[in-house]
Amino acid sequence: MLELAILGFLAEAPLPGHELRRRVSQLTGYTRPVSDGSLYPAINRLTKAGLIERRADPAAGAARYVLSMTAAGRADMLQRLREPADHEITDFTRFYIVLAFLSHLPDVTEQHAVLRRRLEFLEEPASFFYDKDQPLRAEEITDPYRRGMLLTARATSRAERTWLREALGEKPPAFDTAGTESDRRPPAAPAS
């Protein structure tokens with residue numbers, strides 16, 4: 001996902017390395033801090049692959065450079081956005097990186113296909129806790145902290161599903177007899 005973030009920001013404008021690092025760090029936030037040990041090797045991989053170019057920026061001083069995207073880099077970024085891997089749909093933080101640059105896809109049908117994949121994932125019944133193969137609902141958990149996890153995840157998932165339906169122009173879901181939406185998949189915890 002680091003590579004997609006790099007390509008996404010460079011699709012907007014050429015940037016010096018330190019500014020790119022700042023933007024990627026702000027996007028990924030505290031859940032996935034970006035170190036120089038991961039950013040600069042990713043930049044080198046993308047440069048070797050011909051997806052970005054690095055050129056000296058004499059106005060900025062010695063050893064300073066500006067990064068820009070190549071035509072091949074734009075094609076690669078668009079392909080990554082069109083067909084995100086399953087873990088980029090199911091992982092909350094990874095999906096948000098896809099979402100941050102999804103507007104670069106020129107075809108709204110392709111944008112909606114990605115949003116539908118995320119919505120379908122969130123519609124599947126799931127939980128952080130199970131009894132055999134059955135997901136447990138918050139109301140079935142006695143531990144107050146685990147119950148809190150499930151209640152928070154339910155609210156987050158419900159809000160995201162509502163937004164996804166609005167973005168897709170779909171109607172809100174049917175409600176159960178208690179007047180609440182049934183439990184669905186909580187957002188996936190960020191991968192380590």
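Amide H neighbours of residue 70 under 5 Å, at least 5 residues apart or on other chains, H built in the peptide plane: list them.
Here 52, 53 satisfy the definition.
By what distance, in whole Å, do the Cα atoms of the chain stretch along each of the three principal axes, largest value first?
67, 37, 26
Amide H neighbours of residue 136 under 5 Å, at least 5 residues apart or on other chains, H built in the peptide plane: list them.
HN-HN under 5 Å from residue 136: 129, 130, 131.
How big is D for region 1-40, in µm² s⁻¹ as a whole number, if Stokes-Einstein is applied with the Kirkwood radius of its Cα pairs at 4 °C and 1.567 mPa s?
In µm²/s, the coefficient is 128.
Which of rounded, prolate or oblate describes region 76-139 when judged by the alpha-carbon gyration tensor and an a/c cut-off of 1.5?
Note, shape of region 76-139 comes out prolate.
What accessible area per residue comes out for the chain, rounded to a whole number of Å², with a 1.4 Å probe?
Heavy-atom accessible area per residue stands at 56 Å².
Measuring from label point to label point, each 7 Å out along Cα→Cβ, what is the residue 116 to residue 26 span in nm?
3.4
Between the DSSP loop rule and a limit of at most 10 other Cβ atoms within 10 Å, which trypsin sites (Lys or Arg not before Pro) in region 70-135 are left?
132
What percentage of the solvent-accessible surface of region 28-138, computed with a 1.4 Å probe over protein heavy atoms, is contributed by carbon and sulfur atoms?
Of all accessible area on region 28-138, carbon and sulfur atoms account for 54 percent.
Which value in deg cm²/dmol, rounded to the nearest 500, describes the helix-derived mean residue ellipticity at 222 nm for the chain, given -39,500 (n - 2.57) per DSSP H run of n ≥ 4 and division by the residue count?
-17000 deg cm²/dmol
Check residue 65: other-chain or 5+ apart residues with amide H under 5 Å from its amide H, H built from backbone geometry?
Distant-sequence amide H within range of residue 65: 17, 57.
The values are calculated or read from the model by the stated rules, or taken from the named source; none is laboratory data. Just so we're clear, the structure is a prediction, and the values are computed from it rather than from any experiment. Glycine also receives a Cβ, built like all others from the backbone with ideal geometry; neighbour counts cover every protein chain displayed. Accessible surface areas use protein heavy atoms only, side chains included; no ligands, DNA or RNA. Shrake-Rupley method; radii C 1.70, N 1.55, O 1.52, S 1.80 Å.
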